[in-house]
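Below: one structure, written as structure tokens.
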Amino acid sequence: MSSNAPITHASDSGDQLGPQADRQSLLLSATRAMVLAQQDEASLARVIFDIVAPPLNADVCFNYRFTGTESGLALVAGFGIPDGHAPGAERLGIGQAFCGTVAALRAPIVADESRIQTDPRGAFVRGMGVRAYACHPLLARDGRLLGTFSLASTSRDRFEPADVEFLQTLCHYLSLAWERIGAEKAIVAKETFLNTIINVVFDAIVTIDHRGTMTTVNDATRRMFGYREGELIGRNVSMLMPPPYRDEHDGYLERYLRTGERRIIGIGREMVGCRKDGTEFPIELSVTEFSTDGQRFFAGVIRDITERKRVERQLRESEAQFRAMANNVPVIIWLTNADGRCAFLNDQWHALTGQPTDVGLQAWGDCVHPDDREQLAAAFTRAHQAQVAFHAELRLRSATGGYRHVLQYARPRRAADGGYLGFIGCTLDITEQRSVEEQLRQSQKMEAFGQLAGGVAHDFNNLLTVISGFSELLQASLPPDDPSHELVTAISEAGTRAAALTRQLLAFSRQTVLAPEVLDVNVVVRETERMLRRLIGEDILLTTVLAPGVWPVKADRGHLGQVLMNLAVNARDAMPQGGRLTIETANVTRTDEAWSHSDMAAGEYVVIAVTDTGSGMSPEVKARIFEPFFTTKGPGRGTGLGLSVVHGILKQSGGIVAVYSELGVGTCFKLYFPAARTARATRGGDGAAAVPRGHETILLAEDEEAVRGLATLALQRHGYTVLAARGGSEALQLAADHGGSIAMLVTDVVMPEMDGRELAARLESRRPGLKVLFLSGYTDDAIVRHGILHQQVAYLQKPYSLLALVRKVREVLDADGR
């Protein structure tokens, strides 16, 4: 017993237990019972109480276990105690009653009847009639408190010192038994815990000995390989492998044990497993080694990677499909990483730039036009830092060396959690689109210039008609030797030149009136050749190569000659030191399979090629040659309308003009006219003839007073009676007031309030058979459809000469029908 144990003795009489040999025999019996007793504290307490209670004349027993918590002690077993104190439910705080005090002091308490009656801590046992009491702590070998064990008697008044010593020795052995039981429970709990974990994991876990025999397997092993309980333990692990691996496994294991070659040791080796039914499946094997009691064992973790392999295969197939799709779309597709590095480029990148698809952003930047690099880099950097979409238009150097216009779109890529992964973008070649847009802008620009030219020509032609007409009258009235004759001639020539300029404006704007006829272009070239030789000068050699059997075309003879002259003048200016000018004709047939001019329909054409050996044109100049008023000539050397007129006349005639030019080599203009093979070509006119006088009454409607007076004077001089009106309403009134016949209406097309077309329609309904001659310096679509004069419409273009007016009037009056 401990020296500080609070032990009291009620008397020194008699040794209830008997001689020392009996105590040792009893202790030996109790110890043997502890060893053989069931492995729990309550059963152990029952056995001990049954052995020692009778000799000690004890009829009450308390056995508490320390819970390790604030609740203190929990009753494990109790014998001879009042009802209601059930093991497991009974709790006693540390320091409470005798047992709680023993637990607090970790020292025994022995109390006789007098102390039990007086000690407040003995109230509980006192109420049970206990007269002798002994309680001992149960301590582990390391001093930890395990619980308490107490015996009490209601028939004897105290326990003798020998009895107390015997109880202390018995409690020491009981403590060892409790410690052993606790350790065994901990081992069992740990094994249960480990087995639970091992059997709930999805991976197979197998241990084998040095011969390869399986010593343990978890439930996942049986599920994975299709075996039942007891079919794997004691058998070689190679049975879980297909034949190629099965035959090699024992050799690997034996070689490792002999040489230490670690081929079987490692993590994540991919192999093939074999199920009980013979089916094979991919596995991932991790093996480690451990030793127990000097024996070497191996533990393996096997993972079924069938699903992972399926996903990997799907990913490979998906990636292959993505690459196939990305490489077959007609745009460049690219990806960047979150740090901005280029991660992917499809094959269209190589097709456009000639660069490999594994280049980085630096190589990308090298392909960008120098003028676009800074703007593109700034746009990309802003979008990358803000993680937002962006687009940019730029130029990329193509594999052929030129630059292509591209449009670039990109948007951020996001992970499933919203994290930024970089950009996915596409780059679209819009070179052809930009070319079409430029052609549209050029067309709109020429249309605007055409409207301006038509408006100017309308007003200007009225003035030129007056200037030319009165010059003609004045010149005819002067004798040849009059000094003023030369001045009037100069005025007349200036008017003629101005009229030519307005005709160029109208031809450019395709608002001039054509008088188309079926022509032999070879005849027109020959007729124009003499004039062209005088025009280009003697230092330029003119050669014509006219193909025999050229098909006829339908065109305006005068305008075709003007086209040839305009091209000849351009060629002359491009050869200031002399050279060669060649005009060729040929038949060509367009097929859909091979044709360089996509804006012309398939069919038969006649081509006139005008080629010079001049200075040629740069691509920038060539792109603008058909713009009105664009010229590379010095001030005063050109109006910039010559080639615009050529373009307008060709378009108006249903053809196109193609240009081929190279700096230092020369230029070739090819004029394509649709062939008119079913018609017969006509020859040129038979010259001027005398104009007969007339006697008919003519109604003249003209809103310009000067032009009206000039036309009235010219017609009256040739014998006609003229009713002159300032507009449509006045003309209707004059016609209504005139009692006689009116043979012809001569009217301006464009007039305020009522145009010439409406006036003619009203008068024709009142005077059937009335003939009409339209005059205008600005063509109206209702009179001339797309600039082509209708065969049944009589028309005279301003500015006109007085001779042309009276001739046209006589021609219309003498014609059959209108």
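When the residues of the range 681-701 are filtered to those that are of a type in the set (A, V, I, L, M) and modelled with pLDDT under 75, the one that is farthest from Leu773 (Cα to Cα) is Ala681. Every condition in (1) of a type in the set (Gly, Ala, Ser); (2) surrounded by 11 or more Cβ atoms within 10 Å (Cβ to Cβ); (3) under 30 Å from Arg624 (Cβ atoms) is met by Gly401 except one, and the failing one is (2). Any residue at all in the range 481-494 that's surrounded by fewer than 16 Cβ atoms within 10 Å (Cβ to Cβ) and at pLDDT below 65? No, there is no match, as no residue in the range 481-494 is surrounded by fewer than 16 Cβ atoms within 10 Å (Cβ to Cβ) and at pLDDT below 65.
For Tyr245, indicate whether it is within 30 Å of Leu138 (Cα to Cα) and part of a helix (DSSP H, G or I). Spelling it out, it is not the case that Tyr245 is within 30 Å of Leu138 (Cα to Cα) and part of a helix (DSSP H, G or I). A count restricted to the range 702-748 and to residues that are assigned to a loop (DSSP other than H, G, I, E, B), under 17 Å from Pro768 (Cα atoms) and free of Cβ contacts under 8 Å to residues at least 60 places away in the same chain stands at 5.
Which number in (1) aliphatic (A, V, I, L, M); (2) in contact (Cβ under 8 Å) with a residue 60 or more places away in the chain; (3) surrounded by 24 or more Cβ atoms within 10 Å (Cβ to Cβ) marks the one condition that Ala134 misses? Of everything listed in (1) aliphatic (A, V, I, L, M); (2) in contact (Cβ under 8 Å) with a residue 60 or more places away in the chain; (3) surrounded by 24 or more Cβ atoms within 10 Å (Cβ to Cβ), Ala134 misses just condition (2).
Pairs under 6 Å by beta carbon, first residue closer than 17 Å to Arg373 by Cα in the range 404-417, partner acidic (Asp, Glu) and part of a strand (DSSP E or B), six or more apart or different chains? From residues that are closer than 17 Å to Arg373 by Cα, the pairs are Arg404/Asp429; Val406/Asp429; Leu407/Glu393.
The single condition among (1) within 19 Å of the chain's Cα centre (by Cα); (2) open to solvent by 70 Å² or more (accessible area, probe 1.4 Å) that Leu345 does not meet is (2). Out of all the residues in the range 407-420, is one or more within 19 Å of Pro330 (Cβ to Cβ), hydroxyl-bearing (Ser, Thr, Tyr) and touching a helix residue (DSSP H, G or I) at 6+ places or on another chain (Cβ under 9 Å)? Checking the range 407-420: not a single residue is within 19 Å of Pro330 (Cβ to Cβ), hydroxyl-bearing (Ser, Thr, Tyr) and touching a helix residue (DSSP H, G or I) at 6+ places or on another chain (Cβ under 9 Å).
Condition test on Thr721, is it touching a Gly at 6+ places or on another chain (Cβ under 9 Å), modelled with pLDDT of 85 or more and among the β-branched types (Val, Ile, Thr)? Yes: the conditions hold for Thr721. Counting only residues that are open to solvent by 50 Å² or more (accessible area, probe 1.4 Å), in a helix (DSSP H, G or I) and of a type outside the set (Asp, Glu), the range 104-122 holds 7 of them. Open to solvent by less than 20 Å² (accessible area, probe 1.4 Å) and of a type in the set (Asp, Glu): is that true of Glu191 in this structure? No; evaluated as a whole, the condition is false for this residue. Might you let me know whether the range 408-420 holds any residue that is modelled with pLDDT of 85 or more, among the charged types (D, E, K, R) and not in a strand (DSSP E or B)? Yes: one or more hits.
Note on the range 410-442: among residues that are surrounded by fewer than 18 Cβ atoms within 10 Å (Cβ to Cβ) and charged (D, E, K, R), the one that is farthest from Asn337 (Cα to Cα) is Arg441. Going by the conditions given, is Ala162 open to solvent by 20 Å² or more (accessible area, probe 1.4 Å), touching a helix residue (DSSP H, G or I) at 6+ places or on another chain (Cβ under 9 Å) and touching a residue at least 12 places away in the same chain (Cβ under 8 Å)? Taking the combined requirement at face value, the residue satisfies it. Could you say which residue among Gly182, Gly230 is over 59 Å from the mean Cα position of the chain (by Cα), part of a loop (DSSP other than H, G, I, E, B) and of a type in the set (Gly, Ala, Ser)? Result of the check over Gly182, Gly230: Gly230. Working carefully through the options Leu139, Leu151, Leu145, find the one that is open to solvent by 50 Å² or more (accessible area, probe 1.4 Å) and modelled with pLDDT of 90 or more. After ruling out the rest, the residue left standing is Leu139.
The set of residues in the range 724-761 that are open to solvent by 60 Å² or more (accessible area, probe 1.4 Å) and within 17 Å of Ala794 (Cα to Cα) comprises Arg757, Glu758.
The values are calculated or read from the model by the stated rules, or taken from the named source; none is laboratory data. Everything numeric in this text was worked out from a predicted model, so none of it was measured. No Cβ is skipped: glycine too gets one built from the backbone with ideal geometry, and neighbour counts run over all protein chains shown. Ligands, DNA and RNA are excluded from the accessible area calculation, which covers all protein heavy atoms including side chains. Shrake-Rupley method; radii C 1.70, N 1.55, O 1.52, S 1.80 Å.
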